[in-house]
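K.L.:
Structure below; questions to follow.
Read the figures in this text as sums done on the coordinates, not as results from a lab. These numbers were taken from a predicted model, which means no experiment stands behind them. For neighbour counting, all protein chains shown are included, and Cβ atoms are generated from backbone atoms with ideal geometry for every residue, glycine included.
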Amino acid sequence: MKPTVYRIGAAAVAAGMVFTASVASAAPASHSGPVARVTGAAEVRLTYWPDSDVRAFTFDATATPYSRPLPGAPDGLPTDAVGTVRISHLVAEAGITVRMVARVDCLATGPGIATLTAVVTEADEIVKEQVGKRLGFSVYDAGRRGTDRVGFSWSVVNADQNEAGEWGEGRVGTCLGPAPFAPVTRGDYTVRHQDLVPVPTRR
């Protein structure tokens, strides 16, 4: 792992432009009831990097259970989802803002909390190698109880070793993300929880 590249490349993914995105959110015919959703935009604080660096995330993710067939899962999975994650990082010391956009492919929720993954589809030139990579996120919706939080699967939380014993950033599987460790400093998130639905009955 090259520390400088890891910090700029991965951390550049770390923050998100605060603007909205429209996403198709209708559930497939196999499930017409309420579905899980995560929305909102906010900036976050990381205690181990300068406060003058600004990171923000915009989420618009909706569950679409059993909508993406896979080998061994012809009906898809209860965690199938659609939507968009928008990410930006103002790197204060370099005077640049780096932006990325990712397509949501998985969403799971509990009361007040969500874990989701998204595959990068667009990235600024400085982080263009991120296109095609799956990223993991978590969102904590504190409501009126306190501070919302976000977690993301790079920086300090997802190191792994290859067969040669060399350390680097690990791959992210669907719906895998760390605990929401970064507190929101401005903005708000909403998590609408729904339990996972049973496999649809074939007619």
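K.L.:
Amide H neighbours of Y189 under 5 Å, counting only residues 5+ apart in sequence or on other chains, H built in-plane at 1.01 Å?
P.N.:
none
K.L.:
A further question follows. Using modelled backbone amide H atoms (1.01 Å from N, in-plane), which distant-in-sequence or interchain residues come within less than 5 Å of S67's amide H?
P.N.:
L77, D80
K.L.:
How far apart, in nanometres, would the label points at Y48 and D195 be if each is projected 7 angstrom from Cα along the Cα-to-Cβ direction?
P.N.:
Here the modelled spin labels are 3.8 nm apart.
K.L.:
Also, I was wondering about something else. Give me the net charge of M100's neighbourhood, meaning all other residues with Cβ under 12 Å from the Cβ of M100; Lys, Arg count +1, Asp, Glu -1.
P.N.:
After counting each charged neighbour, the total is +2.
K.L.:
For region 129-134, in order, what is each residue's ³J(HN,Hα) by Karplus, 6.51 cos²θ - 1.76 cosθ + 1.60 with θ = phi - 60°, in whole Hz (x at glycine and Pro)?
P.N.:
5, 7, 4, x, 8, 8
K.L.:
Ok, one more. I need the fraction of alpha carbon pairs in region 49-113 separated by more than 13 Å, rounded to a whole percent.
P.N.:
Value for region 49-113 (Cα pairs over 13 Å): 70 percent.
K.L.:
From the phi angles alone, apply the Karplus equation (6.51, -1.76, 1.60; θ = phi - 60°) to region 106-118 and give each ³J(HN,Hα) in whole Hz, x where the residue is Gly or Pro.
P.N.:
After applying 6.51 cos²θ - 1.76 cosθ + 1.60, I find 7, 8, 9, 10, x, x, x, 9, 9, 10, 8, 10, 8 Hz.
K.L.:
Under 5 Å between amide H atoms, partner at least 5 residues away or on a different chain: which partners does G112 have, H built in plane at 1.01 Å?
P.N.:
HN-HN under 5 Å from G112: H193.
K.L.:
Points 7 angstrom from Cα along the Cβ direction at W167 and T185: gap in nanometres?
P.N.:
In this crude label model, W167 to T185 measures out at 2.7 nm.
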